[in-house]
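Asks: Sharing a structure with you now.
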Amino acid sequence: MGILDLGRYKGIVFAMAGFLVFIAVILAFNHGIAGQFADNVAGVKFLAQQQTQPAAVYAASRELTARLKSGQQIDEQLEVLRKAAHSFDHGLSGLTSGGMISDSSGEVIALSVLRGSQSEALLGSTAKLWDGYKQKLTPVLNFAGSPYPAESAEPAAPAAANKAPAAVATGVQYSPRGRRLLASLEELNEYGAASHAPLQKSMTELAAIVEADSAKNAAVLKGLQVGGIIAALLLLGAIFFYFARNLRKEELVASRARKETEDILRTVNEGLFLLDKDLKIGTERSMALNQIFRRDDFTGFTFDQLLKAIVPEKTLRTAMDYVALLWGERVNEKLVKTINPLNEVEVHFDNPSGGFDTHFLEFDFNRVKSEGTLSHLLVTVNDVTKRVMLSRELQESQEKAQAQLDLLLRILHVEPDSLTGFLTDADVSLKMVNSILKEPAREESAFRAKIDGIYRQVHAVKGEAAALGLKTVEQRAHAFEESLNDLKGRQTLSGSDFLPLVVKLDDLFNHLAQVREMLGRLVDLHQAIATKRTAGGHMDAEKVDQWLGGKQDPTPAAAPQASEEVSTGLERTLEDLAARVASSQAKQVALRCKGLEVVPETYRRAVKDITIQLVRNAVVHGIEDPNERAEAHKTQTGTLAVEFARRADGYELIVQDDGRGLQLDRIKEVAVERGLITPAQAAMLDPRQTMALIFRPGFSTADRVTTDAGRGAGMDLVRILVAELGGRVGLASAGGKFSKFKIWLPAAERAVAA
Amino acid sequence: MAATAKAEPLTNGKLKLMICDDSNIIRRKIERELQIERLQVIATASNGKQAVDAFRKEPADVVTMDITMPEMDGIECVENLVKIKPDVLILVISALSDKATAIEALKKGANGFLCKPFTDRQLTEALEELLRGAGNDD
C-alpha cells in the first residue's frame, strides 16, 4: 500500500492531472504569442516615427538651402539635418540587419516579421535609395567652417536679417566653400525631392506588414484562447461523461447484485439472518423468517429477545452460552456443532385462539469472517416440525409393533393353562374394579376405601402379568396404579376424580381381550397341528383358515382344569417369575415349591397373590447378588422355598429365602424417611416392632419405583389379604442368613370368600 | 500458578498427546485407534488431579478430556490445564446427555467436542480438525 495506490480513484486522478497539463500548455503558448504581440506594437510605433524621417531630412536640407541663400547662419540647421539623417540611417541599418529596432525605452527588439522575403526586398530597395541619398548628403554633412567670406560675414548677417530675402539673396556673397556647399545642397534637394516620398512609402509599407503580422497574431491569440476554452470544455465533458458512465455501470452492477440478493432472501426456504457481537439481528434477512417466527418486524431485535418468548429459561441460557462460545477464538466451530443446544429445539408459539402451538426449529450457526476477523454469525433456521413428528410417529409405531411381537412371543412361551388362568382371574379382578367404581360413595372415607379396594385388584393383576412376563399388560396395570397413587395423594376427593379410572379400566379390558383373542388363535393353531400329527401328516385346511381368519373354534373349550393342574400352574408361574426377576437383577435363584397342589379352591387366588408378592420381594430384597454371596461364603445361587401344607387347625404357607435377611437399620431409616415414624420413635423400636414396619402402607426399601419392586404396597397387600381370610402372618429373620414368612390360614370352611 | 513446566518438543518433531478418561477402556481405545502420525501419546490420566500433575511435569500439546471423572472433573481440569499452558488444544470427549455441561467445559477453554460413543474414524477426524483449526488461527 502506498500513496500511489489510488484504487478506484486512479482514473479520476489521472484525468484531472491530464487536464491541468493541457491548461498549462495552452497558457504557455498564449504567453509566447502575447509577448510577440507587444513587440509588434513597438515595431509599428517605431516605423511610424521612422516614416516621417525622409520628409524631415528633405525639409531640413531645403531649409538649409534657404538659409544659405539668404546668407543666414547655417550651423544650427546643418545640425538639424545631420540629426535627422543620422536617425533615419540608424533606424534603417537596424531594420536591414535582422529587423532590430529600439523601442521607446531604448530596449532593442528583434522583429522577426521583417526577416520575411517581402520585407527584405523592400528594405533592400529602400537601403539602395537611401545609399544614394547618403552620397548626396555626405558633402553637405561634412561641411565645416563658414560658407560666407570672412569679412562680409559679420556685417552682412544683420543686414541680411533686416532686409527682404530676395534682396538679400541677390546680394549674398559666398566663400568658395560656400559655393560648393550650395551646389551640393542643390543636388541633394533635387535627389531628396525625388526620393523622400518613396522612402516614406517603404516605411509605411513596412509598418503595414508589421501591423498585418500583429493583426495575425491577435487573431491567432484569439483563436488559441477560443480553441483552448473549447478544448478544455470538451475534455471536461469527456471526463465527466466517462465517469458518469462508469458510475452508472457500477450502480447498475450494484443494483443488480442487490436485486439478486433480495430475490434469494425472498425465495429461500430457510430463515437466514446475521447476528453481530451484541446479538442484534441484521437488517438483511430472508422472508421465511417471518413465517418461522410468526412476526413481521425484527428491527432492533436481539437474538435472546427472539428466543425468550418461545423456549424455556434453561434452554435460552444454554443457547446464549453456546453463541458466546462461537464468538471466542479458542473454540473450533466444526467441533462444537454436536452440542448446539438449538440443533432441534422445541418451541411454543402463543396461539391467538388460545393455548399454544408446538414447533421444532433447527438452528445452525456459521462464523462470518471479513478481513481475517470475526464480524458476524450467520444463523440458519429451519422449521423441522414435520420431520420430528414423522420420526416420532415412526418410532412409536415401531415400539407398538415391537410390543405386539413381544406379547406374541411371551404368549408362545407361557403355558396356555397359566395364561388361561391369568385371563380368568384378571377378568374377575377387573369386573370387581368395575363394580367398586359403580358403588355409590359420598364421604371421603368411602372414596379412600374405594381406592384401596381397586388398588388391591389392579396390583394383583399387575403382579400376575409380571410373573407371566406379559409386559404390555403389566405396563397398563402399572399406569393404572400410578393414577390411583395420584388420587391417594390428594387432600380431598370427589366422584369426578374417578372418571379417568374408567378410561384406564377400559384400556385394560380391551387389551386383555386382545391377549385372549391371540391366545385363542394360538390354541387353535396348536390343535390344528396336533390333529395333523395324529392324522398322519394330514392338515385340516379348513381349520387353519378359520384360525387365520380369527374365528373361534366351534368345538367346545376344554373341560375346566382340576385344582391340581392350577396349582402346578402356579408353581410354573412362580418359577418363571423368580427366574425373570433374578435375571433382571443379575442374581441367581433356585426356587423350590412344595404342596401347592393341596391349596383348596377357596384359597387359590389369595395364595397365588401372596406367593407372587413374597417371591418377588425375596428375589429383589432378600437374595444378594452372586459377588456379595461369595464374599459371605454362600453359594452363588440363592435358594427360595415355597411350601404349603395342611395343619391340624388350618393351612400353613411358608416362603423362605437364604438371603441377607431383614436389615433392621435400613428399615428404620426408610420408615423415618417416609415419615412413618419419627427418629426418636425409631430409636425405641425393638427388632420385632421394626420388622412389623414393612407391613405398614407406603413402606418400601426399593430405592426406585419399578414394576419389579413396586412401591411397598406389596407387603401391605399381603397383610390385608391374610387378614381378610382371617389368617395371621409371622416373620422371622436373621441378619445375613435368611428371612422366613409364615402364614397361617384357617380351615377352608371358615374362610371368607376372596 | 507455580508452573515449572518446560514445554520441550519431542525430538521426533511430533505433537504430545495426553489422554484423560476415568474409563481405561476408553483410554485404551483412543491409544489403539489413534491414526494420526503427528501425535504421540506421552501420558494418560484417569482423573483430573492426575492429569494436572502429569501436565505440570510435562505439558502436552493436545489433550482428550472426559467430563465426569473422580477427584477433579473435566471442567475444572480444563481450567487448570489452560492456566498452565494457554495454547493447549483440548478435545472434550463425553456422552451427549447434558449439552450445558459440555458448553461449560468449552467456556473454560476447551476447543472442541466429540460425542461418546465414537468410532475410530470420528476420533481421527475430530483430532485432525482440532489441529487444523489451530493452524488457521496463526
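The values are calculated or read from the model by the stated rules, or taken from the named source; none is laboratory data. As the structure is a prediction and not an experimental result, all values here were calculated from the model. A quick note on method: Cβ atoms are made from the backbone with ideal geometry, for glycine too, and the neighbour counts reach across all protein chains shown. The accessibility values were calculated without ligands, DNA or RNA, using every heavy atom of the protein model including side chains. Shrake-Rupley method; radii C 1.70, N 1.55, O 1.52, S 1.80 Å.
Asks: Could you check, for the stretch A:408-422, whether at least one of its residues is in contact with a Ser or Thr (Cβ under 9 Å, 6 or more places away or on another chain) and modelled with pLDDT of 80 or more?
Replies: Among the residues of the stretch A:408-422, at least one is in contact with a Ser or Thr (Cβ under 9 Å, 6 or more places away or on another chain) and modelled with pLDDT of 80 or more, which makes the answer yes.
Asks: Continuing with this model, one more query. Determine which member of the set A:Arg392, A:Arg295 is basic (Lys, Arg), open to solvent by 20 Å² or more (accessible area, probe 1.4 Å), assigned to a helix (DSSP H, G or I) and more than 30 Å from B:Val88 (Cα to Cα). Full working, then the answer.
Replies: Details: A:Arg295 fails: assigned to a helix (DSSP H, G or I).
Selected residue: A:Arg392, the only one of A:Arg392, A:Arg295 that is basic (Lys, Arg), open to solvent by 20 Å² or more (accessible area, probe 1.4 Å), assigned to a helix (DSSP H, G or I) and more than 30 Å from B:Val88 (Cα to Cα).
Asks: Restricted to the stretch A:51-103, and to residues that are assigned to a loop (DSSP other than H, G, I, E, B) and within 24 Å of A:Lys201 (Cβ to Cβ), which residue is least open to solvent (accessible area, probe 1.4 Å)? Before you say what the answer is, go through the steps one by one.
Replies: Residues of the stretch A:51-103 assigned to a loop (DSSP other than H, G, I, E, B): A:52, A:71-74, A:97-99, A:103.
Among the residues that remain, those that are also within 24 Å of A:Lys201 (Cβ to Cβ) are: A:52, A:97-99, A:103.
Details: A:Thr52: 72, A:Ser97: 76, A:Gly98: 20, A:Gly99: 0, A:Asp103: 40 Å².
The qualifying residue least open to solvent (accessible area, probe 1.4 Å) is A:Gly99.
Asks: Let me ask another. For residues in the stretch B:14-34 being more than 12 Å from the chain's Cα centre (by Cα) and basic (Lys, Arg), which is farthest from B:Ser46 (Cα to Cα)?
Replies: Out of the qualifying residues, it is B:Lys14.
Asks: Would a scan of the stretch B:22-32 turn up a residue that is crowded, with 19+ Cβ neighbours inside 10 Å, small (Gly, Ala, Ser) and closer than 23 Å to B:Thr124 by Cα?
Replies: No, every residue in the stretch B:22-32 fails to be crowded, with 19+ Cβ neighbours inside 10 Å, small (Gly, Ala, Ser) and closer than 23 Å to B:Thr124 by Cα.
Asks: For the stretch A:293-325, which positions are aromatic (Phe, Trp, Tyr) and away from chain B (no Cβ under 14 Å)?
Replies: So in the stretch A:293-325, the residues aromatic (Phe, Trp, Tyr) come out as A:293, A:298, A:301, A:303, A:322.
Across the stretch A:293-325, the qualifying residues are A:Phe293, A:Phe298, A:Phe301, A:Phe303.
Asks: Which one is farthest from the other protein chains (Cβ to nearest Cβ) among residues in the stretch A:326-348 that are hydrophobic (A, V, I, L, M, F, W, C) and over 16 Å from A:Val368 (Cβ atoms)?
Replies: The initial filter retains those residues of the stretch A:326-348 that are hydrophobic (A, V, I, L, M, F, W, C), namely A:326-327, A:331, A:335-336, A:339, A:342, A:345, A:347.
Applying the additional criterion that residues be over 16 Å from A:Val368 (Cβ atoms) yields A:335-336, A:339, A:342, A:345, A:347.
Details: A:Leu335: 3, A:Val336: 5, A:Ile339: 5, A:Leu342: 10, A:Val345: 11, A:Val347: 16 Å.
Once the filter is applied, the top-ranked residue is A:Val347.
Asks: Only one of A:Ala218, A:Ala166 is in a helix (DSSP H, G or I) and either of a type in the set (Val, Ile, Thr) or modelled with pLDDT under 80 (or both); which? Walk me through how you get there before you give the answer.
Replies: Details: A:Ala218 fails: either of a type in the set (Val, Ile, Thr) or modelled with pLDDT under 80 (or both).
Every option except A:Ala166 fails the conditions.
Asks: A further question on this structure: Just to check your reading of the model, which residue among A:Glu205, A:Glu186, A:Glu190 is without any contact (Cβ under 8 Å) to a residue 60 or more places away in the chain, surrounded by fewer than 19 Cβ atoms within 10 Å (Cβ to Cβ) and in a helix (DSSP H, G or I)?
Replies: Working: A:Glu205 fails: without any contact (Cβ under 8 Å) to a residue 60 or more places away in the chain; A:Glu186 fails: without any contact (Cβ under 8 Å) to a residue 60 or more places away in the chain.
After applying the criteria, what remains is A:Glu190.
Asks: Only one of these is closer than 30 Å to B:Thr124 by Cβ and open to solvent by 80 Å² or more (accessible area, probe 1.4 Å): A:Lys334, A:Lys314. Name it. Walk me through how you get there before you give the answer.
Replies: Details: A:Lys314 fails: closer than 30 Å to B:Thr124 by Cβ.
A:Lys334 is the lone residue from the list that is closer than 30 Å to B:Thr124 by Cβ and open to solvent by 80 Å² or more (accessible area, probe 1.4 Å).
Asks: Same structure again: Kindly indicate whether any position in the stretch A:298-312 is on the phi < 0 side of the Ramachandran plot, modelled with pLDDT under 90, of a type in the set (S, T, N, Q) and in a loop (DSSP other than H, G, I, E, B).
Replies: yes
Asks: Shifting gears a bit: Quick check on A:Ala28: is it modelled with pLDDT of 85 or more, more than 60 Å from the chain's Cα centre (by Cα), within 30 Å of A:Leu234 (Cα to Cα) and loosely packed, with under 14 Cβ neighbours inside 10 Å?
Replies: Working: modelled with pLDDT of 85 or more: yes; more than 60 Å from the chain's Cα centre (by Cα): yes; within 30 Å of A:Leu234 (Cα to Cα): yes; loosely packed, with under 14 Cβ neighbours inside 10 Å: yes.
Criteria met by A:Ala28.
Asks: Then there is this: Quick check on my filter: what residues within the stretch B:65-102 are among the hydroxyl-bearing types (Ser, Thr, Tyr) and within 12 Å of chain A (Cβ to nearest Cβ)? Give the derivation first.
Replies: Taking the stretch B:65-102 as the starting set, the residues that turn out to be among the hydroxyl-bearing types (Ser, Thr, Tyr) are B:68, B:94, B:97, B:101.
Selection gives B:Ser94, B:Ser97, B:Thr101.
Asks: Applying the selection to the stretch B:103-129, what residues are open to solvent by less than 70 Å² (accessible area, probe 1.4 Å), more than 15 Å from A:Gly328 (Cβ to Cβ) and either at the interface with chain A (Cβ under 9 Å from one of its Cβ atoms) or not basic (Lys, Arg) (or both)?
Replies: B:Leu114, B:Cys115, B:Phe118, B:Thr119, B:Asp120, B:Leu123, B:Thr124, B:Ala126, B:Leu127, B:Glu129
Asks: Determine whether the stretch A:271-283 contains at least one residue that is open to solvent by 30 Å² or more (accessible area, probe 1.4 Å) and more than 15 Å from the chain's Cα centre (by Cα).
Replies: For the stretch A:271-283, residues open to solvent by 30 Å² or more (accessible area, probe 1.4 Å) and more than 15 Å from the chain's Cα centre (by Cα): absent.
Asks: Which residue out of A:Leu247, A:Leu265, A:Leu233 is surrounded by 13 or more Cβ atoms within 10 Å (Cβ to Cβ), part of a helix (DSSP H, G or I) and either touching a Ser or Thr at 6+ places or on another chain (Cβ under 8 Å) or without any contact (Cβ under 8 Å) to a residue 60 or more places away in the chain (or both)? Even if it seems obvious, please write down each step before you answer.
Replies: On the way: A:Leu247 fails: surrounded by 13 or more Cβ atoms within 10 Å (Cβ to Cβ); A:Leu233 fails: surrounded by 13 or more Cβ atoms within 10 Å (Cβ to Cβ).
Result: A:Leu265 is the single residue among A:Leu247, A:Leu265, A:Leu233 that is surrounded by 13 or more Cβ atoms within 10 Å (Cβ to Cβ), part of a helix (DSSP H, G or I) and either touching a Ser or Thr at 6+ places or on another chain (Cβ under 8 Å) or without any contact (Cβ under 8 Å) to a residue 60 or more places away in the chain (or both).
Asks: Yes or no: the stretch A:209-227 includes at least one residue that is in contact with a Gly (Cβ under 7 Å, 6 or more places away or on another chain) and buried (at least 17 other Cβ atoms within 10 Å of the Cβ).
Replies: To start, the set of residues in the stretch A:209-227 that are in contact with a Gly (Cβ under 7 Å, 6 or more places away or on another chain) comprises A:210.
In the following step, the residues that additionally are buried (at least 17 other Cβ atoms within 10 Å of the Cβ) were identified as A:210.
The answer is yes, given that some residue of the stretch A:209-227 is in contact with a Gly (Cβ under 7 Å, 6 or more places away or on another chain) and buried (at least 17 other Cβ atoms within 10 Å of the Cβ).
Asks: B:Ala51 - would you say it is away from chain A (no Cβ under 14 Å), in a loop (DSSP other than H, G, I, E, B), modelled with pLDDT of 90 or more and open to solvent by less than 20 Å² (accessible area, probe 1.4 Å)? Break it down stepwise before answering.
Replies: Numbers: away from chain A (no Cβ under 14 Å): yes; in a loop (DSSP other than H, G, I, E, B): no; modelled with pLDDT of 90 or more: yes; open to solvent by less than 20 Å² (accessible area, probe 1.4 Å): yes.
So B:Ala51 fails the test.
Asks: Which of the following residues is open to solvent by 30 Å² or more (accessible area, probe 1.4 Å) and farther than 19 Å from A:Phe738 by Cα: A:Ala606, A:Ala590, A:Ala586? Outline the logic, then answer.
Replies: Values: A:Ala606 fails: open to solvent by 30 Å² or more (accessible area, probe 1.4 Å); A:Ala590 fails: farther than 19 Å from A:Phe738 by Cα.
A:Ala586 is the lone residue from the list that is open to solvent by 30 Å² or more (accessible area, probe 1.4 Å) and farther than 19 Å from A:Phe738 by Cα.
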